[in-house]
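Comments concern the structure below.
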Amino acid sequence: MSCFIRIANLPPETTEQQVAEFLEQEPGFKDRTSFKFVKDATSATAVIGVP
């Protein structure tokens, strides 16, 4: 069973690469099962699936 963690209200200048690099450094996210990044003019959101 997976759990999904949503990181919302990131600054709009945040990039998908920045979030991916952060996740690689955090032990709890290294085994993630999915990763989705959504961005618009005012904010960015990441949704991470973890076991």
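Read-outs throughout are calculated quantities, based only on the coordinates presented, and are distinct from any laboratory measurement. The structure displayed is predicted, hence computed values, not measured ones. Please note: Cβ atoms are built from the backbone with ideal geometry, for glycine as well, and neighbour counts cover all protein chains shown.
For this structure, a couple of remarks:
- Each Cα pair under 8 Å and six or more residues apart adds its sequence gap; the mean of these over the residue count of the chain is a relative contact order of 53 percent.
- Evaluated at q = 0.15, 0.17, 0.30, 0.31 Å⁻¹, the base-10 log of the normalised Debye intensity for the stretch 3-50, with identical point scatterers placed on the Cα atoms, takes the values -0.35, -0.44, -1.17, -1.21.
- Rounded to the nearest 10 degrees, the inclination of helix 16-25 to the longest alpha-carbon principal axis of the chain is 30 degrees.
- Computed from the C-beta positions of residue 15 and residue 47 and an R0 of 22 Å, the FRET efficiency is 0.90 to the nearest 0.05.
- With θ taken as phi - 60° and the Karplus curve 6.51 cos²θ - 1.76 cosθ + 1.60 applied, the whole-hertz 3J(HN,Hα) list for the stretch 3-15 is 10, 10, 10, 10, 10, 10, 6, 6, x, x, 7, 5, 10 Hz, x standing for glycine and proline.
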